[in-house]
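Everything on this sheet refers to the single structure shown next.
The values are calculated or read from the model by the stated rules, or taken from the named source; none is laboratory data. Just so it is clear, the model here is predicted, and its values are computed rather than measured. We place every Cβ from the backbone using ideal geometry, glycine too, and count neighbours over all the protein chains shown. Areas reflect the complete protein model, heavy atoms only, side chains present, ligands, DNA and RNA absent. Shrake-Rupley method; radii C 1.70, N 1.55, O 1.52, S 1.80 Å.
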Amino acid sequence: MSDHIDNMLHESRVIAPSPEFAAQARVTREQYDEMYRRSLDDPEGFWAGVAGELAWMKPWERVLDWQEPHAQWFVGGETNIAYNALDRNVERGLGDKTAIIWEGEDGEVRTYTYSELLREVSRAANALTALGVVKGDRVTLYLPLIPEAAIAMLACARIGAVHSVVFGGFSVSALADRLGNAQSKVLITADAGQRRGGLVNLKANADEAAALAPSLERMLVVDRAHTHPPMREGRDLWWHEALAAASDEHEAAPLDSEHPLFLLYTSGSTGQPKGVQHTTGGYMVGTYLTTQTVFDLRDDDIYWCTADVGWVTGHSYSVYGPLLNGATVLMYEGAPNHPDWGRFWDLIQRHRVTILYTAPTAIRSFMRQGDDLPARHDLSSLRLLGSVGEPINPEAWMWYYRVIGGERCPVVDTWWQTETGSIMLTTLPGAHSSKPGSAGLPMFGVDPTIMTREGEELGPDDGGLLVIKRPWPAMLRTVYGDDERYKKTYWGEIPHVYFAGDGARRDADGYFTVVGRVDDVLNVSGHRLGTMEIESALVAHPSIAEAAVVGRPDEVKGECVVAFVLPQSGAEVDPQELRTHVSKEIGALARPDAIIVADALPKTRSGKIMRRFLRQIAAGKEIQGDTSTLEDPAVLERLAATEAV
Ligand code: 6R9
């Protein structure tokens, strides 16, 4: 494992919440102990209590039906998550409260109150219905981080359409694959988005992807940047025109608690990305409770989760969780370094942000810019900081705590996944001390442990696999269209437990430290990429015969992509062209940082590539481990001696 992970294992600092914070915390230490115990001893009673704080159109008959590995939560109940995020808040007097403050990269600011957001979402729901979208249809979103992204998600949820958000940084083929897998009829996109002072032409990509996706019938286009893209007659429709023609009143559809809410594609160790499927009731209850307790949410907070809605964090903690709680959410469209690396601090100062939730990769980038940029801004409004997406190294944790939080704000390091839907491990800010580098304790209803591959439970400080021993409300229900893959990947690796794919250990205080993926999944800047996907993209290039991709520890990105490639006989490898090719096939995130042109790869006699050795070579380390199973161990020395391009 990487150096920063080694470093993490020897971390011993413990940081207690300030007495002021602890005194006014939403959940105290005693309350956590009591609630956590009850959530395991009487899960049905515990979750019924939480769900009862939200509105249901029909009460559930049973809280949980667990037919391993399939769970149903709030069985027989009917609800609507958009109703709970909007109408319910208006009804309880929050109509004039600001729901979303949005800032574009160019500095434009738009705000929506809860009443305004409800009207916009209602218009969008009516517009989708007018386009022929009905309950159960899949709608793909390919948008910049603009309010319309949240509005479109909530509009789908309102009518029971299943949204599938594809990150705006993904390529044509990634979008086409996801459209095809979901068999979406409608795509919602924008002409372009702003990024680092330039424009990303989403509509052009959407047009190309649409040509590869026969299921697609209509495209709704948000006029974000006024770039006048060509609009195809009979297929494309402007978002603003469709909404203007629609009524701003809409009655949210009562949906079965297990009605699918969204698909979100995520990388696995093999094959195509998986369409992780989440449903309505359990996801709603899980994100509602975790947002409230982990972020110690109060009425006057200005809450900012920096994640794009293209990732699960953007779903659960930029949109659903905070809106379900009636919070004021800040949304920022652009890059953290535009016009300079002070942009986040400027946003916090001007909007008086109180809660900041961001990723270690961003924190490390800021750290490299030094302390003066944050010091030149007034960050005194902040009262709580959060981290998500990958292990945070203790040095970055301490910098975040000291320089951004002024040693006043608790830092919550939250471990969870696209599949888990809501936060699983963390410390509650007023209840628990933090240990930099360690995510912490289980959230309510979460029953984790550390096991060997053989399913043997390990004791304190033993490294092993992180597993969850029972279902929780926001867990994924299946992989879209491939239930076998769901069973095999998550509940089949080790019998009777959910296998997260992460390596971890637990200390004597019960704190979990998650060290990273144990499968062939890379975590680049907090985003999951399958080595297989990148290898497939590489070999799709005419100059490449074979490829093996591994991660290398990177100071800023956490991990970066290193590609070992075997050229086709007689072919020249052009590294720049290969990088552009990978960007086009997958997205810029997947571009290899280093390419090593090889004449052979280290394989076992059965032909399996030993990525373990490639990881060592990529990191410039001595080769360690048994090389005798290799067909030709001499390959390793040749590879180690080859200069990367
Ligand atoms: C929410 C999200 C999930 C993978 C997960 C793990 C890594 C996320 C972490 C963390 C250590 C944390 N991960 N949070 N590792 N500490 N606080 O990121 O979902 O994109 O599906 O990634 O990210 O490896 O398995 P997702």
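Run the paramagnetic zone check for residue 244: 7 angstrom along Cα to Cβ, then residues of region 109-131 with backbone nitrogen under 11 Å.
none
Could you tally the net charge around residue 202, taking each other residue with its Cβ under 9 Å from the Cβ of residue 202, Lys/Arg +1 and Asp/Glu -1?
Details: positive: 203, 224; negative: 191.
Local net charge: +1.
Could you give the accessible area per residue of region 336-492, probe 1.4 Å, as a whole number in Å²?
31
Quickly work out the residue 408-to-residue 57 label distance, labels modelled 7 Å from Cα along the C-beta direction, and quote it in nm with one decimal.
For residue 57 paired with residue 408, the spin-label model returns 4.6 nm.
If one computes the Cα centroid of region 370-440 and of region 491-567, what distance in Å separates the two points?
Taking the Cα centre of region 491-567 as reference, the centre of region 370-440 is 24 Å away.
For the full complex of protein chains and a 1.4 angstrom probe, list 200, 162 by accessible area with the highest value first.
Descending accessible area places them as 200, 162.
When the Kirkwood hydrodynamic radius is evaluated over all pairs of different C-alpha atoms of region 444-510, what value in angstrom, to one decimal, is obtained?
12.6
Along Cα→Cβ, 7 Å out, is where each label goes; now give me the distance between the ones at residue 539 and residue 375 in nm to one decimal.
My value for the distance between the label points is 5.3 nm.
For region 114-154, what number results from the quotient of the Cα radius of gyration and 2.2 N^0.38 Å?
Working: Rg = 10.5 Å, N = 41, 2.2 N^0.38 = 9.0 Å.
This ratio for region 114-154 stands at 1.17.
Per-residue HN-Hα couplings for region 494-508, Karplus 6.51 cos²θ - 1.76 cosθ + 1.60 at θ = phi - 60°, whole Hz, x for Gly and Pro?
10, x, 6, 9, 7, 9, 7, x, 10, x, 7, 9, 10, 8, 5
Test of understanding: extend the Cα→C-beta vector of residue 108 to 7 Å, then name every residue of region 332-356 with backbone N under 16 Å from that spot.
332-335, by backbone N distance to the label point.
Assuming R0 = 35 Å, what is the FRET efficiency of residue 457 and residue 15, from their Cβ-Cβ distance, to the nearest 0.05?
Result of the calculation: an efficiency of 0.75.
At a 1.4 Å probe, what is the % contribution of carbon and sulfur to the accessible area of the chain?
Roughly 48 percent of what the probe reaches on the chain is carbon or sulfur.
Based on DSSP H runs of at least 4 residues, each adding -39500 (n - 2.57), what is the mean residue ellipticity at 222 nm of the chain after dividing by all its residues, to the nearest 500 deg cm²/dmol?
It lands at -8000 deg cm²/dmol.
Please list, in chain and number order, the residues 5+ apart from residue 143 or on another chain whose amide H is under 5 Å from its amide H, with Hs placed from the backbone.
Amide H to amide H, under 5 Å and 5 or more residues apart or across chains, residue 143 pairs with 166, 168.
Assuming R0 = 22 Å, can you tell me the calculated FRET efficiency for the pair residue 204 and residue 233, based on Cβ-Cβ distance, to the nearest 0.05?
In this case the efficiency is close to 0.80.
Enumerate the calculated ³J(HN,Hα) couplings along region 24-39 in order (Karplus 6.51 cos²θ - 1.76 cosθ + 1.60, θ = phi - 60°), each rounded to whole Hz, writing x wherever the residue is Gly or Pro.
10, 5, 5, 10, 8, 4, 5, 5, 4, 4, 5, 5, 5, 4, 5, 5
Per residue and in cubic angstrom, what volume does the convex hull of the Cα atoms of region 525-641 have? Can you show the working numbers first?
Values: hull volume 12.6 nm³, N = 117.
Given the Cα convex hull of region 525-641, per-residue volume reads 107 Å³.
If each residue of separation counts as 0.36 nm, what is the full-extension length gain between residue 96 and residue 494 once their alpha-carbon separation is subtracted?
My answer for the length gained is 138.3 nm.
Can you work out the accessible area per residue across region 525-641, with the rest of the protein chains kept in place, probe 1.4 Å, in square angstrom?
Computed with neighbouring chains in place, this is 46 Å² per residue.
Compute the separation of the alpha-carbon centres of region 128-157 and region 31-103 and state it in Å as a whole number.
23
If you place +1 on the Cβ of every Lys and Arg and -1 on the Cβ of every Asp and Glu, how big does the dipole about the Cα centre of region 525-641 come out, in debye to the nearest 20?
With Lys and Arg at +1 and Asp and Glu at -1, about 340 debye.
Compute the semi-axes of the equivalent ellipsoid of the chain, taking the square root of 5 times each eigenvalue of the Cα gyration tensor, and list them largest first in whole Å.
Numbers: eigenvalues 259, 189, 128 Å².
The equivalent ellipsoid of the chain has semi-axes of 36, 31, 25 Å.
Using a Förster radius of 45 Å, what is the FRET efficiency between residue 196 and residue 299 based on their Cβ-Cβ separation? Nearest 0.05, please. All intermediate terms of the calculation are to be shown ahead of the outcome.
Details: r = 36 Å, r/R0 = 0.79.
The calculated FRET efficiency here is 0.80.
Residue-wise, which Karplus ³J(HN,Hα) couplings in Hz belong to region 76-89, taking 6.51 cos²θ - 1.76 cosθ + 1.60, θ = phi - 60°, and x for glycine or proline?
x, x, 10, 7, 8, 5, 6, 4, 5, 7, 10, 3, 4, 5
Taking the Cα centre of the chain as origin, sum charge times position over the Cβ atoms of Lys and Arg (+1) and Asp and Glu (-1), and report the length of that vector in debye to the nearest 20.
280
Got a number for the accessible area of residue 527? Probe 1.4 Å, square angstrom, nearest 10.
40
Using only the alpha-carbon atoms of region 135-210, report the extent along each of the three principal axes, biggest first, to the nearest angstrom.
Largest first, region 135-210 extends 38, 25, 14 Å along its Cα principal axes.
Under the rule a/c < 1.5 gives rounded, and otherwise a/b versus b/c splits prolate from oblate, where does region 60-193 land using the Cα gyration tensor?
Oblate, because a/c is 1.5 or more while a/b does not exceed b/c.
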